[in-house]
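Data block below; observations after.
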Amino acid sequence: MTHKPVRKAVFPVAGLGTRFLPATKAIPKEMLPIVDRPLIQYAVEEAREAGIEELIFVTGRGKVSLVDHFDTAFELETTMRERDKDLSILAPTRIEPGNLVSVRQQEPLGLGHAIWCARAIVGDEPFAIFLPDELMVGSPGCMKQMVDAYAELGGNLISVIEVPDEEVSRYGVITPGGKPDGFGGAITEVLGLVEKPKREEAPSNLIVSGRYILQPEVMRVLEAKETGAGGEIQLTDAMARMIGQQPFHAVTFAGRRFDCGAKLGFIEATLALALEREDLADDVRALAVRLLG
Ligand code: UTP
């Protein structure tokens with residue numbers, strides 16, 4: 001069966017980033033760099049690797065740098081050219097004109113509300129969602145793994161990872177069903193979804209990890225603007241309503257995930273990625289040994 005391709009990706013980046021204050025007072029959390037690339041760039045590169053070129057940023061006040069990051073930096077580039085500097089480092093920040101649209105979420109009413117703000121641009125098509133503060137490192141990338149599974153399964157897909165029991169209450173958690181044949185155990189049917197459950201009430205320790213492929217009908221569910229955990233309009237609750245109406249599966253991500261919205265995850269990602277960089281690994285390892293010694 002052929003399913004409508006996923007051509008659009010929504011990046012909700014209008015959150016307040018309070019866990020990173022004061023760093024995020026004047027700059028968006030998604031502009032914080034891991035080594036030398038801001039979080040948003042990792043997410044955009046992951047989308048493009050999966051063949052998704054139409055990018056929709058849901059932004060808020062003080063977030064223009066996210067859009068500027070993918071624009072031409074005329075003065076910088078002219079000066080670099082005059083000084084014979086290599087501009088290839090900027091190549092991943094170039095977007096085909098017209099392929100980046102930003103919409104505003106005037107008030108941070110929750111992730112579900114942020115997604116709903118993109119409804120007019122998403123239109124009547126399946127679409128991907130990336131939470132850029134969840135850094136997914138894998139080869140192929142997380143969204144590429146999902147798009148490949150989507151080509152077979154259609155419907156709605158979320159990426160999940162397994163976490164220790166004591167962490168489940170911080171995330172959206174799935175009620176797992178059966179595993180369809182032919183995917184090497186990587187796909188699980190989703191029977192239910194709950195946002196930030198108490199540890200003892202969590203239906204599993206498989207958490208939703210920041211990547212989604214959803215059908216446009218989710219916008220109609222979000223339209224009701226019902227609030228859930230924390231008084232926010234939750235995407236998890238809207239997705240839960242889709243279960244039973246449309247196919248809903250989870251893809252267990254074969255790769256590593258860093259929760260860069262929290263300080264420890266951010267530091268772990270910085271160290272892990274620096275240790276994998278040919279130009280930095282030896283020096284970073286020596287530095288770490290010195291600091292620990
Ligand atoms: P988080 O739960 O990480 O919230 O949002 P936050 O505001 O970014 O950070 P903290 O918790 O205050 O430190 C998950 C994702 O949803 C977006 C965020 O930008 C982030 O990418 N989001 C959240 C919105 O775009 N709008 C919202 O109203 C809430």
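The values are calculated or read from the model by the stated rules, or taken from the named source; none is laboratory data. Keep in mind it's a predicted model, so treat the numbers as computed, not measured. Ideal geometry is used to build each Cβ from the backbone, glycine not excepted, and the neighbour counts take in all protein chains shown. Just the protein is used for accessible areas: all its heavy atoms, side chains included, with ligands, DNA and RNA removed. Shrake-Rupley method; radii C 1.70, N 1.55, O 1.52, S 1.80 Å.
Both numbers refer to the Cα atoms of the stretch 1-88; Rg and Dmax are 15.8, 54 Å. Surface analysis of the chain yields an accessible area of 50 Å² per residue, using protein heavy atoms and a 1.4 Å probe.
Stretching Ala254 away from Glu200 to a fully extended chain increases their span by 16.7 nm, per 0.36 nm per residue minus the current alpha-carbon distance.
With springs only between Cα atoms under 10 Å, which of Lys263, Lys225, Lys144 fluctuates most in a Gaussian network model of the chain? Result: Lys263 has the largest fluctuation of those listed. In the structure displayed, which of Lys25/Lys198; Lys4/Lys196; Lys196/Lys263; Lys225/Lys263; Lys196/Lys225; Lys25/Lys263 lie more than 21 Å apart, Cα to Cα? Long pairs (Cα-Cα over 21 Å): Lys25/Lys198; Lys4/Lys196; Lys225/Lys263. For the stretch 123-172, a simple Cβ point-charge model (Lys and Arg +1, Asp and Glu -1, everything else neutral) yields a dipole of about 140 debye relative to the Cα centre.
Against the chain, whose longest principal axis is taken from its Cα atoms, helix 142-153 shows a tilt of about 30°.
Element breakdown for the chain at a 1.4 angstrom probe: carbon and sulfur atoms account for 53% of the accessible area. Evaluating kT/(6 pi eta Rh) at 4 °C and 1.567 mPa s, with the Kirkwood radius of the chain over Cα pairs in the Stokes-Einstein relation, gives 65 µm² s⁻¹. Each Lys and Arg contributes +1 and each Asp and Glu -1, all at the Cβ; summed about the Cα centre of the chain, the dipole is approximately 560 debye.
Annotation: the antiparallel percentage among DSSP beta bridges lying fully within the chain is about 55.
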